[in-house]
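K.L.:
Handing you this structure, nothing more for now.
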Number of protein chains: 2
Amino acid sequence: MTQLSYQDLEALYGPLVSKYDGERNFVSFTAVGELPRDLKIKNKDTVWLAGGTPYESMFPVQEVDLKIRENPGSLDDTTPLSNKCSTTKVQMYEPQGSAKACLSTAFQYHDAKGLPELLNLTKQIISRMNKPQYENWDTVVTPGSSDSLSKICQTLLDSDSVILVEEFTYPNIVHWAKFAHSEVVRIKLNVTADRKLQGIDVEALRDLLANWVEYHPGKPKPKCMYTIATGHNPTGLTQSTESRQAIYEICCEHNIIIIEDDPYGYLNMTPYDQANPMKNPYIEESYGVEHYCKKILSPSYMSMDTEGRVLRCETFSKVAAPGLRLAFVAGNQFLISKLLKMHYFTTRGTSGASQAIVTNMLVDMGEQYQAQHPHEKAPLIDGWVNWCMKVAAEYTHRRNYMFMYMYEQNVFKKNLVSFIEPSCGMFVTLVINFKPEWNISETKRIMDYLYCCLTEEGCSAVLGYKMVVDRDYSMERANFLRFTFAKARDPNVFKIGAERINAAVERLFEEYNVNEQFTLGPKGII
Amino acid sequence: MTQLSYQDLEALYGPLVSKYDGERNFVSFTAVGELPRDLKIKNKDTVWLAGGTPYESMFPVQEVDLKIRENPGSLDDTTPLSNKCSTTKVQMYEPQGSAKACLSTAFQYHDAKGLPELLNLTKQIISRMNKPQYENWDTVVTPGSSDSLSKICQTLLDSDSVILVEEFTYPNIVHWAKFAHSEVVRIKLNVTADRKLQGIDVEALRDLLANWVEYHPGKPKPKCMYTIATGHNPTGLTQSTESRQAIYEICCEHNIIIIEDDPYGYLNMTPYDQANPMKNPYIEESYGVEHYCKKILSPSYMSMDTEGRVLRCETFSKVAAPGLRLAFVAGNQFLISKLLKMHYFTTRGTSGASQAIVTNMLVDMGEQYQAQHPHEKAPLIDGWVNWCMKVAAEYTHRRNYMFMYMYEQNVFKKNLVSFIEPSCGMFVTLVINFKPEWNISETKRIMDYLYCCLTEEGCSAVLGYKMVVDRDYSMERANFLRFTFAKARDPNVFKIGAERINAAVERLFEEYNVNEQFTLGPKGII
């Protein structure tokens, strides 16, 4: 375990924060300078007549009771509400030392960093599944990963900065980076089914940084790199552990902060078995929490971080609920303190309702898990890990249904399309295997034609080229669609979807450039 | 009612938005350009395989049940939990057309503008109590007024901009304005008990703007003015309707946007009666909702706005609970659309938990109120207005207790101090009537000496000079402390507080410059 003091971290990463950081000094008006040393406080039970905080008996809400599912809903059970629920309470008060949040603090003004009880749980989550290789790391609660990433961009970047981004990516990062007036440079991605090679092209990255001045004359060297390394959006790729280690070392060499956005990291799926489509080892082999943590989850950049170089963005959106707008960032103490400062200039913290709901749900899940597994000496957080594992099992199940129906289709049998099967997440890449006579310079028009066919057939998808940093650079490799198996009420949705995709792809191959059925301009969709 | 089209509003206020606005174009990757017109959609029941949204049966929370107090807690009842509660539910589903929010949408990704059900209620709140004099106004939900104000600053201001701010103010506005790289210019405030004169000095404002070039040579003319016109923080002042109208007209003349921050506007208090300290007409005369709306509330800038010039910041912090981080902004459609855009670059909306809790609580309060007042034909929102009125009644009660104990003290009888009694809000200004021999150039040191005495005696307060824009300009008028009667468990808190304040002030007058009891430097607290 590396020892890094706050001063060490400041020396290493101070040069990478925005030039505006120095202007962002927030001093509360209730703070006072140093009081005279010879002050003699007579009454230590200070009467608080300073801050404009309402007394909690004036809060209209006195208690929040939550019905919590024992298991995530299954695709096979079309009843959207479960009969098997337990109750979690958020009460007005909790006894001192309780792991739970209470309304008198959660509904009051509270520390922008997060409720102490939730901060405690976020540290347990990191320690259990993604523990860094150094001390002096910390966490800060945020109102969603969009907020985390926007604030990270504003903390690090300005008009003198460059951020590296995977060529295919969640495009909002480009918006946030530009909102901070910075420049985005794309990194080459290997969009391939080969799990050793998929993700960031290590040699291309090494070359880019070693020869930065030649590739990008006049541009400052990049300060940070944004990556979705596990269950990548949009491609579903997962960077291998070996290549991740190599990328980490390259970033150390060039003093680049790694922004690890990992919303899907807990949704690991076992390999799909065409011979046995419904195979789900989570269920059949009754995977336990320990197996899930040690054998199933992909090691993150954070878990290999010895230098405090990784800012890890986690969210409760995919494993609990997106509308909670609840997330957190883990990283070194220096950078987390800078992120916290951004809260003071903007949101001033995160909904106490969302925080208390999640906190108390996690504590109750933990206590139930410990009671059910008395011999494991399981840490409290294992209740939540167990929930995450069940959600991963359900995603595996959804993936199975979608893949089964898809592989039954003619277009797969005829090899007109192929899947890049994901090992994690909620997305799958459907590659269109272009006819030899199709010109790849027409990729946009070909994919637009397919999109129009899909729309006519009644199925939605995301065009790969919509999720690029630089169309000129990536368009010829953008011969794919992003599909998701996240949201469906029952398996039939995937069956109908597969049939419609099949019909649309067949039409593309029959009609494109031969007998087009609607008027598409030479550049595709306007 | 003035008719103003979006184009009219854009023409009037477009020139006042930040120079960065043009760069802030957020396009979702799921949006597509114009599809071919001759597209023939075969299946209109589109299978949704595009967006990464979990299906709601995987949300762990299935239902949220809230215990809602019938009445806000009273200072006389030291039991913090009420026996009289009703239950409000947030269920997974609501029937179509319901006024309530449900978890399947509130806990899902949802429109950054706010849940439709809550947006509907915010419009009812504005229409009932602060309806503008023009059409085409709108609202946007935010995660707290800090967020609203930070986003308003970033929407309007940049390094080429000036914002006007009252010389004494909630100092975070200075931080937010500086975060947007803009310059803050203070406006003179009359800190006086005279209710016709108190608040912004109208003639000083008129003079400042008419002779801007002389007063601030080289500076751009201000784009906007931030004001807390009702129950001002820190002074408790309320701008009279007449002076408000004059200020509004000055702002029209100079095309200045009025940012009306009104967290305390519903906490109106009846005048304090020294002969009958516990007098509370809210209770004794059983004020009704109609009386409260028409006779008690101070008319806001928004309610006199004919041109879409006012951005009104409301919050649920003071009348519900601050930890919800739930607020909204009302204003003209053009500016609200610009604010909404800021959500996409940062928080991407507000906690669905907070939104659903408040929405359903307000709907239930409304339905109960309507059932209890069958002959009033009351609008749904009157249940919430009734709650606000009850909270105002309780603040009147708290004010009564604090004032009763304070006016009993020697320092009041000897006229060493005086109150500027507020008509609204949670703050009161305690003016220190300096000895004739004290030099006002020593104001800071005198107030610091008092602050140290207060600390020794065991009472917290906020120093007036901590809440200024420009110490050089305002220090000589900063001979006051801000106290609040917002937070106390029982009346005894105010009694002890008053005694300690008395002791501290007596010591100031006995010890200052004569026999100082601790070592305070020549400039006061470091």
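K.L.:
Run through the other copies and list how far each one's label point is from that of B:Lys414, in nm with one decimal, shortest first; the point sits 7 Å from Cα along Cα-Cβ.
P.N.:
Here the equivalent label points are 10.1 nm apart from this one.
K.L.:
What is the mean number of Cβ atoms from other protein chains located within 10 Å of the Cβ atom of each residue in peptide B:23-34, rounded to a whole number?
P.N.:
Values: counts 3, 3, 2, 6, 3, 4, 14, 6, 1, 9, 5, 3.
Mean shielding by partner chains, rounded to a whole number: 5.
K.L.:
While we're on this one: Can you work out the accessible area per residue across the range A:109-231, with the rest of the protein chains kept in place, probe 1.4 Å, in square angstrom? List each step's numbers first, then the result.
P.N.:
On the way: 3910 Å² over 123 residues.
Heavy-atom accessible area per residue stands at 32 Å².
K.L.:
Let me ask you something else. Please compute the Kirkwood hydrodynamic radius of the range A:395-511 from all pairs of different C-alpha atoms, in Å with one decimal.
P.N.:
Numbers: mean 1/r = 0.0690 Å⁻¹.
About 14.5 Å, per the Kirkwood formula over Cα pairs.
K.L.:
Within a 10 angstrom radius of each residue's Cβ in B:457-463, how many Cβ atoms of other chains show up on average? Whole number is fine.
P.N.:
Averaged over the peptide's residues, the number is 6.
K.L.:
Then there's this: So what are the ³J(HN,Hα) numbers for the range A:99-113, from phi and the Karplus equation (6.51, -1.76, 1.60; θ = phi - 60°), rounded to whole Hz, Gly and Pro as x?
P.N.:
Coupling constants for the range A:99-113: 6, 8, 7, 10, 5, 4, 9, 5, 8, 8, 3, 9, 3, 4, 5 Hz.
K.L.:
Distance in nm between label sites at A:Asn120 and B:Lys523, each 7 Å beyond Cα in the beta-carbon direction?
P.N.:
About 4.2 nm, to one decimal.
K.L.:
Rg to Rh ratio, the range A:1-143, alpha-carbon atoms and Kirkwood radius? Don't jump to the answer; show the numbers that get you there.
P.N.:
Numbers: Rg = 22.1 Å, Rh = 20.7 Å.
Result for the range A:1-143 is an Rg/Rh of 1.06.
K.L.:
Another question, if that's okay. Take every DSSP beta bridge whose two residues both sit in chain A, then give the antiparallel share in percent to the nearest 5. Walk me through the numbers before you get to the answer.
P.N.:
On the way: 32 of 49 bridges.
Around 65 percent of the beta bridges assigned by DSSP in chain A are antiparallel ones.
K.L.:
Using packing as a proxy for protection, rank A:68-76, A:397-405 so that the peptide with the highest average count of other Cβ atoms within 10 Å comes first.
P.N.:
Working: A:68-76: 18.2, A:397-405: 22.3.
Highest to lowest by the protection proxy: A:397-405, A:68-76.
K.L.:
Heavy-atom accessible area per residue, the range B:396-511, 1.4 Å probe: how many Å²?
P.N.:
Values: 3550 Å² over 116 residues.
Result: 31 Å² per residue.
K.L.:
Tell me, what is the Rg over Rh of the protein assembly as shown, with Rh the Kirkwood radius over Cα pairs?
P.N.:
Details: Rg = 30.5 Å, Rh = 30.9 Å.
When Rh is taken as the Kirkwood radius, the ratio is 0.99.
K.L.:
Sticking with this one: At a 1.4 Å probe radius, carbon and sulfur cover how many percent of the accessible area of chain B? Intermediate results must be reported in sequence, preceding the final value.
P.N.:
On the way: 9190 of 18620 Å².
Exposed carbon and sulfur together represent 49 percent of the surface.
K.L.:
So for the range B:301-407, considering every pair of alpha-carbon atoms, how many percent are separated by more than 22 Å? Each step should come with its number before you reach the end.
P.N.:
On the way: 2994 of 5671 pairs.
That tail contains 53 percent of the Cα-Cα pairs.
K.L.:
Sort B:476-488, B:179-191 for me by packing, meaning the mean count of neighbouring Cβ atoms within 10 Å per residue, highest on top.
P.N.:
Details: B:476-488: 23.0, B:179-191: 20.1.
The most tightly packed comes first, giving B:476-488, B:179-191.
K.L.:
Let me ask something else about it. Multiply the residue separation of B:Ser286 and B:Glu23 by 0.36 nm, subtract the distance between their alpha-carbon atoms, and state the gained length in nm to one decimal. Walk me through the numbers on the way to the answer.
P.N.:
Values: separation 263, 0.36 × 263 = 94.68 nm, distance 5.44 nm.
Full-extension gain reported as 89.2 nm.
K.L.:
Measure out, as a whole number of angstrom, how far apart the alpha-carbon centroids of the range A:152-192 and the range B:434-509 sit.
P.N.:
When both Cα centres are located, 50 Å separates them.
K.L.:
Modelled label-to-label distance, A:Glu242 and B:Ala193, 7 Å Cα→beta-carbon offset: nm?
P.N.:
Placing both labels 7 Å along Cα→Cβ, they lie 8.4 nm apart.
K.L.:
What number comes out for accessible area per residue over the range A:316-388 if the probe is 1.4 Å? Units Å², please. List each step's numbers first, then the result.
P.N.:
On the way: 1750 Å² over 73 residues.
With the other protein chains kept in place, the range A:316-388 gives 24 Å² per residue.
K.L.:
Sticking with this one: Using the reciprocal of the averaged 1/r over all distinct C-alpha pairs, how large is the Kirkwood radius of the range A:382-450 in Å? Each step should come with its number before you reach the end.
P.N.:
Working: mean 1/r = 0.0691 Å⁻¹.
After inverting the mean inverse Cα-Cα distance, the result is 14.5 Å.
K.L.:
If r is the Cβ-Cβ distance from A:Glu253 to B:Lys435 and R0 is 51 Å, what FRET efficiency results, to the nearest 0.05? Each step should come with its number before you reach the end.
P.N.:
Details: r = 68 Å, r/R0 = 1.34.
Here the calculated transfer efficiency is 0.15.
K.L.:
Another question, then. State, to one decimal in nm and shortest first, how far the label point of A:Glu249 sits from each corresponding label point in the other identical copies (label point: 7 angstrom along Cα-to-Cβ).
P.N.:
7.7
K.L.:
At 25 °C and 0.890 mPa s, grab the translational diffusion coefficient of the range B:241-363 from Stokes-Einstein with a Kirkwood Rh over Cα pairs, rounded to a whole number in µm² per second. Please list the in-between numbers first.
P.N.:
Working: Rh = 17.2 Å.
Rounded to a whole number, D works out at 142 µm²/s.
K.L.:
Take the alpha carbon atoms of the range A:102-118, find their center, do the same for the range B:210-224, and report the distance between the two centers in whole angstrom.
P.N.:
Rounded to whole Å, the Cα centres lie 43 Å apart.
K.L.:
Now for a different question. For peptide A:75-82, compute the average count of partner chain beta-carbon atoms within 10 Å of each residue's beta-carbon.
P.N.:
Working: counts 3, 0, 1, 1, 1, 8, 7, 4.
Other-chain Cβ atoms within 10 Å of each residue's Cβ, averaged: 3.
K.L.:
Here is a follow-up. Distance between the C-alpha centers of the range B:360-396 and the range A:358-408? Whole Å please.
P.N.:
What the calculation gives is 43 Å, centre to centre.
K.L.:
Obtain the radius of gyration and the Kirkwood radius of the range A:155-202 from its C-alpha atoms and give Rg over Rh.
P.N.:
Numbers: Rg = 12.7 Å, Rh = 11.7 Å.
Here the Rg-to-Rh quotient is 1.09.
K.L.:
While we're looking at this one, here's another question. Relative to the compact-globule scaling 2.2 N^0.38 Å, provide the ratio for the alpha-carbon radius of gyration of the range A:190-284.
P.N.:
Working: Rg = 16.6 Å, N = 95, 2.2 N^0.38 = 12.4 Å.
Relative to the 2.2 N^0.38 Å estimate, the range A:190-284 comes out at 1.34.
K.L.:
In cubic angstrom, how much convex hull volume per residue do the alpha carbon atoms of the range B:354-393 span?
P.N.:
For the range B:354-393, the hull spanned by Cα atoms encloses 58 Å³ per residue.
K.L.:
I would also like to ask the following. How far apart, in nm, are two points set 7 Å out from the Cα along the Cα-to-Cβ line at A:His373 and at B:Asp111?
P.N.:
Placing both labels 7 Å beyond Cα along the Cβ direction yields 4.3 nm.
K.L.:
Now a separate question. Bin width 10 Å, origin at 0, all Cα-Cα pairs of chain B: what percent of pairs per bin?
P.N.:
Result returned by the calculation: 3, 17, 25, 25, 18, 8, 2, 1, 0, 0.
K.L.:
Looking at the P(r) of the range B:185-236, how many percent of alpha-carbon pairs lie beyond 12 Å? Intermediate values should be presented prior to the final figure.
P.N.:
On the way: 910 of 1326 pairs.
When every Cα pair of the range B:185-236 is considered, 69 percent fall beyond 12 Å.
K.L.:
A:Tyr465: accessible area at probe 1.4 Å, nearest 10 Å²?
P.N.:
10
K.L.:
Compute the label-point distances linking A:Gln370 to its equivalents in the other copies; points lie 7 Å from Cα along Cα→Cβ; give nm, one decimal, shortest first.
P.N.:
So the distances to the same position in the other copies read 4.8 nm.
K.L.:
Taking both sides together, what accessible area is buried at the A/B interface, probe 1.4 Å, expressed in Å² and rounded to the nearest 100?
P.N.:
Values: alone 24390 and 24340 Å², together 37270 Å².
Accessible area lost upon association: around 11500 Å².
The values are calculated or read from the model by the stated rules, or taken from the named source; none is laboratory data. Everything numeric in this text was worked out from a predicted model, so none of it was measured. Reconstructed Cβ throughout: ideal geometry from the backbone, glycine too, with neighbour counts over all protein chains shown. Note: areas computed on protein heavy atoms with side chains; ligands, DNA, RNA excluded. Shrake-Rupley method; radii C 1.70, N 1.55, O 1.52, S 1.80 Å.
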